[in-house]
Structure formats: structure tokens, C-alpha cells
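Peer 1: Take this structure, written in C-alpha cells, and hold onto it; I'll ask about it next.
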Amino acid sequence: MAVTPWHFVGLKLRVMRNGLRGQRWRIALFVIGLFFGAWFSVIGFVLFSATGFARTDTSLVLVGGLGGAAVVVGWLLMPLVFFGVDETLDPARFALLPLDRRTLVSGMFAAALAGVPAFATLAATSGLAVAALLRGGPVAGALQAVGVVAGLLLCVSLSRATTSAFSAMLRSRRVRDLAAILLAVLAALLGPLQIGLLAAARTADWNVLAGVARVLGWTPLAAAYTLGLDVVEGRWWAVPLKLLIVAGTIAALLWWWSVTLENAMVGTATTTSGRGTRETPHTSPTTRLYPVLLRGLPRSRSGALVALQVRYWWRDTRRRANLITFAVVGMFVPLMVNIGSRGLIEGSAAIPPSLTTVSASMVFVGVLGGVGLANQFGYDGTAYSANIIAGVPGAAELRARVAGFSFYLGPLILVIPVALALVLHRPGWIPSMWGAAAAAYGCGVAINLFVSVLGAFSLPETTNPFAVNTGAGVTKSLFSFAAMLCTLLLSVPVFAMSTLAEETWVWAGLPAGVLYGGTALWLGTRFAGRLLDRRMPELLSAITPRR
Amino acid sequence: MTFALALHGLAKRFADKVAVGGVDLEVPTGSFYGLLGPNGAGKTTTLSMAVGLLRPDAGTATVLGHDVWTDPLAAKRMLGVMPDGARLFDRLTGAELLACHGLLRGMPAAVVDQRARELLDVLALGDADRTLVVDYSAGMKKKIGLACALLHAPKMLVLDEPFEAVDPVSAALIRDILQRYVASGNTVIFSSHVMEVVERICTHVAILAQGRILTAGTIADVRAGRSLEDVFVQVVGGRTATGQELAWL
């Protein structure tokens, strides 16, 4: 009997079901995921279909072109920066089975389609078909329905191909820098787009936006979502061309995916070339444990814990992916928010940069930084048992973890305000920006220490830095979301100060922020440490992958 | 007499399955104790509860008189552990990993350095090698795990499946080191399902199946003249081949 994609779909559903069996909290999280999926579907459907009732075609152009492109870009970026990939079906598991590449890719593709995000996207975008039906009759509706399905296939193949390729890159230690650059470029591409959109939206020049949307309609980003529009406007010749664009893109993506998939199957995980046999000079083992920059630390328990964390944030691909994401997002979002709102592109509006916006974006940087620690024990996995057996006290453990993480985050948090202030020509704001970032980072880390002790979850033992277990994706985003919310609440004084007492905040921001963040951090390590002392075995079972 | 390790009524239940249903075990000081059992018998669960990695539902575990769950620091000082399947901090090199373990235990750096070098040398892991532990072979991983457990010279060693997936040369080396360790008055308990190893090196043996100790004592008492394998199959109970099944093979 030939293996069909249905086997893969069935296997995935079965693995999902077995993963949920007897795990009430996982079921609850799954239901929450379903709820969000349904919510997204309904909102999206209403937005997309509402254009069918508009008086002109402009809204259909805008929603089809820009909305469609947003959906595709979302599928591209969400797994990379936020959710992770559902690796319910790990390609490595199929390595020994006699499956040819075509069977495997089509099967994995079908399995990827059988999920909440794919269904939600399909439901939301089908609103476009309804709109096309209302405006252009049944033929337009039918063609747009084809476009909606093709668009979904494009989204799924895009997200699978990029994450697979990206994880393969990060896996090989030699190409890790390339991966960092790739992410930076991806994020950089978003910048001009957003600035353009903001500029256009501010001047309310819908024609400019419609022009952008029409151009996007000829790219793979939105070609599938503008088919109905072309029929409505009588450009029948465009339909086969756009279908060709979409089909060609999907084929290319699937081919790309199949190549990287094979790499993932045969496991290029242990690329150690260039390490192995090189002998280091005769330094002692304890000296070698400490990275060169940290050789000054004492050779003690705390020193060793810090050295271990510093080594791990770089050598563990999952953690490194986290750091890179923070560096890129933390640098670009504040720049975009502050420059974008000033409308630099048109050079028209000379709205001066606002201290409140700047402080808010610094708070964002600090909050985002703290989230990196949310599942710090999950990264360790069962290796953490060594620390339990050695009897490391909880507070010492957490202090060292904060120090190790801050070894990388600290410099970034120092540099980002400087860069932003220089771009905004407001060097005088740098101290208060440091203060805002320090306050938010301190609060964020403190909150996330509790999250890391209470809400740790196991990560699969693969080398794919984006892989999470079924359901854990929801946990991850839910806990991160709750932690971010708490941190924002704790950062309210910073907002208040920077808005209400602008004059004072400029000079008092740094000491006040550092004091506030430092106090939060001190309290956090102390109380989360006590919690950890009581919960070590429970934490260990939470981060032990189920076999 | 105080036992090196004493377990009383240890029990653990996972969701709807009883993993360990009340284990009583007394390991005399200076013994080389083998914990035998089929796969899924609860060996790892029992040993995890004995060393403080898994909180038992009921029962106590004491190491040389110190309760693991009420006086953990004193107990853990006496204890060296090699958990099975537990990943080490494997993004470190062997030397870095040993240094980390030693310093975590609060040992002086000079002592850590000297012992780490000696262990790496004796276990043929190469002092100056820059290979990360994640890239070690299975046998090397067992050896570095053993080195980590031995580094602080514990009085009591708890090893989960130390001979699993280890080549004969490494196995012989591990055996030698453990025998010398016991000869100087220390105690070892390890789990295994390999009869030959247990029969050859252990002074005591206990057989665990379905979460209960079925028999325990000195190896001579348990065997009572038979081979350990016969005793094991008889105690645990299993299917005996009739020669008729799988005829198509």
C-alpha cells in the first residue's frame, strides 16, 4: 500500500491526541489555542468580507493587497520570532523509513496544513472570496476562493521552508553569523514598509496605499489574494499570470524545504569540524571553564554558575536564537516607532520626538529582554539535575542566571538607547533612557524569574532552535504574554514620570530607573529563589521531556 | 548499624500508574549493590527518589544517616550521582564540565584542577581535548558522567545504568574504578538489567519488578546455588519459549 499524505495527517492528529491524553492543563491550553484561532478567524473574516459592501473597489484593493501580504508576512515571521514551529512530526523520525522525498514532503506538508493556524487563516481569508462574490458575481467569488486556498498553501510552505532552512543554518555552528544577518535583513525589510505605510496613512492618501497594494498584488505576497479584484475590474488576463506566480513560488518553496528537510533527517547536528583535535595550551580546567572576559571572577560556586550561563547562552543554539531575536527586535522596533511616527520619509511633519514615546520604547526593550529568561530552565532540560544534586541554593542559582544573561543583554540595553538618541538628535536623553530601560529590565527579569520557576516547560531534544512541543507553543506565548503584562504594570511609574515630570525625568531618570529596577531584581531573586528551593524536584519533572 | 543508603516505604504514582509501590531497601556500608529489574520496573524512579531528584509520595530515604528530603545538604555532600539519560551540561568540554561540577560543590579550585586532570587521564578522555560533551560517544558520556559523580570523593555512589551502551573496554575500566572505590570502604548502588555484570562484581543484589522489591540480600543468598539469570526469570516471571512461535523466522 502506498504511503499517502493522509497517513501523515492521521499520524499527526494521533500524536497530538496522545500528547493531550491525561494532561488536563495541556487540554486547557489547547482549548485556549482553539479559542484564539476562532477569534482570529471571525475578526479576519469580517474584515475581509466587509469590503464587499464598500462603494468603490479601493477597499478591496487595500484589503486584498495589504491584508493578504500581512497574512503571508505573518506566516513568515511569527514562527521565527515568536511562536516556534510545531514539530509534532519530527522529520528525523522518518529517516529510516523507505520514503522518497516527494512522499515525505507532500506528507509533511499535508500534516502542517492540519492545524489550528492553517484553519484560522483559511477561515479568515475566505472573507475575501465572499467580498469578491458580492462585488463581481459567482465567477469572481470562485476564482478568489481558489486564490484563498492557494494563498494558504503558499503561507504554510513559506513558513515551513524558512524555519527549516533557518534552523539548519543555526545548527551548523559555522553559519550562525549568516543566520543572524538573515534575521536582521528580514527585520530591516519590515522597516521601510512600515514607515511607508505610516506616512501614507497619516496623510490619508489612499491612492498611495492603493498603489502599494496593487504592486504587492503582483508579488507572491499578495498575488493569491487579489485574483477576485482582477476579475471585478475586468483584468481577466491577470488571473492565470497571478496563479502562475503563486504556483511557481509554492513549487520553489517546497523544493527548498525538501532540500533542507533531508539535511534535518540525516542529522547534521554534530558539526564539530575545526574543534575536535585542537589542543589548548596547558591552562587548568577551572580556568578553561571561564570565558576569557570573565577570568577575573572568583573560582567559586557563584563564579562557576555565571561562567556556565555565559557559555550556555552562546553555545546552545536555542538560547542564541533568542539573543539574536532580542538584538534585532530590540534595536529596530524603537527606531521604527520613533522615526516612523515623525514621518522622516516625507520630511514634512516636524513633530519633535517625544520623551514619553522614547521612554515607552525603552520600556519595551527592557520588557522584551526579561522575557528571554521565562523558560531558562527548560533550555537546560535534565542537565539541571546536576545543580540539584550539588545542592545549589535557589537564590544563588537565580542570581548567577541573571548575571549570565545580563552579560549579553546589558551591553545591548546600553547601546540601544545611545543609537536611538543619536538618530533622534537628543543625546541629552540618553541617561533617562538608560534609566527607563534599566527599570523595565529589572522588573521584567524579576517577573520572569517567577515564570521560569513556576511555568517551566520541557523543550524537545532536537537541535532545531524553534521547535516546541504541541501545546507548548500556546504555553510559551501565554506565559510570555502574562509576564509582559505584569512587567508593563510594574513599569507604569516610568511612564508616569516621563510624561508628568518631563523636566525632572531627564536628569532623575537614570538613578531612579536603576534604583527601581535594581530593587525589583533584588526582591525577585530573593523570593523566586525561596520558591525554587521548595520546588526543585517539581521543576525538574516539568522540564524533563516526556519519552 | 547505619546503612549507607536506607529506603523505607518509598512510593510514587504518576497520574493513573503506580511507578513504585513502597520500596524498602537497606544498602550496607561498603557493599557493591546491584539493583536488577526488567525495563519499566521502577529502577530509575526509585533511585531518583533516593537522591532527591524526584519527590516521593510516601516513604523516606537516608544517606549515611542523613535524610535526603529533610536534611538535603548533608545527604547530598555524601552522595555522588550519575542519573541515567540525564543530559549533562553537554555544551561544555569534558574539562570544563568537571571544573563546573567541582566548583558547584564548593571545592577549592586547585583541588578541582588536580582531580579533574587525573580523572580525565585515567578515563582516557584527554585533558586538553576541546570536543564538547554533546559530541562524545555513548561510552565517553558514561565515563564523564562517572567522573562528575566521583570528583568530590563521595562516600556513596548512586549510578543509574552505568554499563548501558558502553563498549567492553570502557565497561572494564568503569568496573575497575568502581571496585577500587568500594575496596576503600565506600558504597556503590547501581541499576542494571545485565545479569553478567551484576553477578561478576556485586556483593549484594535486589530484584525490582513492577515497583516492588521481590527479593534482596547478598548475592550468594539470592542465588542459592542457581544462576542469577534463572533466579531473575523465576522471580520476575516471564514467558518461556516453546519453540513453536515465530516459525516464519
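The values are calculated or read from the model by the stated rules, or taken from the named source; none is laboratory data. Every value quoted in this text rests on a predicted model; they were computed, and no experiment measured them. All Cβ positions, even for glycine, are placed from backbone atoms using ideal geometry, and neighbour counts span all protein chains on display. We work out accessible area using only protein heavy atoms, side chains counted, and drop any ligands, DNA or RNA first. Shrake-Rupley method; radii C 1.70, N 1.55, O 1.52, S 1.80 Å.
Peer 1: Could you calculate the contour length gain from A:Arg295 to A:Val42, that is, 0.36 nm times the residue separation minus the distance between their Cα atoms, to one decimal place in nm?
Peer 2: 85.4 nm
Peer 1: For a quick check: with amide H placed at 1.01 Å from N, whose amide H comes under 5 Å from B:Ala209's, ignoring anything fewer than 5 positions away on the same chain?
Peer 2: Excluding prolines and chain starts, which carry no amide H, the hits are B:Leu214.
Peer 1: Convert each backbone phi in the stretch A:39-46 into a coupling constant with the Karplus relation 6.51 cos²θ - 1.76 cosθ + 1.60 (shift: θ = phi - 60°), then list the ³J(HN,Hα) values in order as whole Hz, x for Gly and Pro.
Peer 2: In residue order, the calculated couplings are 4, 4, 4, 5, 4, x, 4, 4 Hz.
Peer 1: Quick check: pseudo-label points 7 Å beyond the Cα along Cα→Cβ at A:Arg526 and B:Val233, how many nm apart are they?
Peer 2: 6.5
Peer 1: Compute the length gained on full extension between B:Gln244 and B:Trp69: take 0.36 nm times their separation in residues and subtract their Cα-Cα distance, giving the result in nm to one decimal.
Peer 2: The B:Gln244-B:Trp69 span can extend by a further 57.8 nm.
Peer 1: Among B:Leu173, B:Leu92, B:Leu104, which one moves the most in a GNM of chain B with springs linking Cα atoms closer than 10 Å?
Peer 2: B:Leu104
Peer 1: Given a 10 angstrom Cα cut-off, can you work out which residue in B:Arg55, B:Arg115, B:Arg180 is the most mobile in a GNM of chain B?
Peer 2: Looking only at B:Arg55, B:Arg115, B:Arg180, the biggest GNM fluctuation is shown by B:Arg180.
Peer 1: Same structure again: On average, how many beta carbons from a partner chain sit within 10 Å of the beta carbon of a residue in A:293-305?
Peer 2: If you average over the peptide's residues, the count of other-chain Cβ atoms is 3.
Peer 1: Cβ neighbours within 10 Å, averaged per peptide: list A:96-102, A:369-375 in order, most packed at the top.
Peer 2: Ranked from most to least packed, the peptides come out as A:369-375, A:96-102.
Peer 1: Round to the nearest 10 and report in Å² the accessible area of A:Phe109, as given by a 1.4 Å probe over the protein chains' heavy atoms.
Peer 2: 20
Peer 1: Same structure again: Over the whole of A:389-401, what's the average partner chain Cβ count within 10 Å per residue? Rounded to a whole number, please.
Peer 2: Mean partner shielding for this stretch: 4.
Peer 1: Among the listed pairs B:Lys17/B:Lys143; A:Lys12/B:Lys17; B:Lys76/B:Lys141, give every one whose C-alpha distance is greater than 24 Å.
Peer 2: B:Lys17/B:Lys143; A:Lys12/B:Lys17
Peer 1: Within 10 Å of each Cβ in A:534-543, how many Cβ atoms from other chains are there, averaged over the peptide?
Peer 2: Per residue, the number of nearby Cβ atoms from other chains is 3 on average.
Peer 1: What is the calculated FRET efficiency for A:Val415 to A:Leu478, with r their C-beta to C-beta distance and R₀ = 35 Å, to the nearest 0.05?
Peer 2: 0.65
Peer 1: Above 17 angstrom, tally the Cα pairs of the stretch A:13-67 and express them as a % of all pairs, no decimals.
Peer 2: Within the stretch A:13-67, distances greater than 17 Å cover 56 percent of Cα pairs.
Peer 1: Moving on to the next point. Can you put A:Ser498, A:Ser541 in order of accessible area, largest first, using a 1.4 Å probe?
Peer 2: A:Ser541, A:Ser498
Peer 1: If packing is taken as the average count of other Cβ atoms within 10 Å, what order do B:16-29, A:225-238 fall into, highest mean first?
Peer 2: A:225-238, B:16-29
Peer 1: Further question: Apply the Debye scattering formula to the stretch B:63-148, with a single equal point scatterer on each alpha-carbon and no solvent, then give log10 I(q)/I(0) at q = 0.26 Å⁻¹.
Peer 2: Listed by q, the Debye log ratios stand at -1.29.
Peer 1: In degrees between 0 and 90, to the nearest 10, how far off the longest principal axis of chain B does helix B:109-122 point, with axes built from Cα atoms?
Peer 2: 50
Peer 1: With springs connecting C-alpha atoms under 10 Å apart, model chain B as a Gaussian network and identify which of B:Ala216, B:Ala95, B:Ala110 has the largest mean-square fluctuation.
Peer 2: Of B:Ala216, B:Ala95, B:Ala110, the most mobile in the Gaussian network model is B:Ala110.
Peer 1: Taking chain B on its own, what percent of its Cα-Cα pair distances exceed 26 Å?
Peer 2: The proportion of pairs with Cα distances above 26 Å equals 41 percent.
Peer 1: Under the Karplus relation 6.51 cos²θ - 1.76 cosθ + 1.60, θ = phi - 60°, what is the ordered set of whole-Hz ³J(HN,Hα) values for the stretch B:143-157, x standing for Gly and Pro?
Peer 2: My calculation for the stretch B:143-157 gives 5, 5, x, 5, 4, 4, 6, 8, 3, 8, 6, x, 7, 9, 10 Hz in order.
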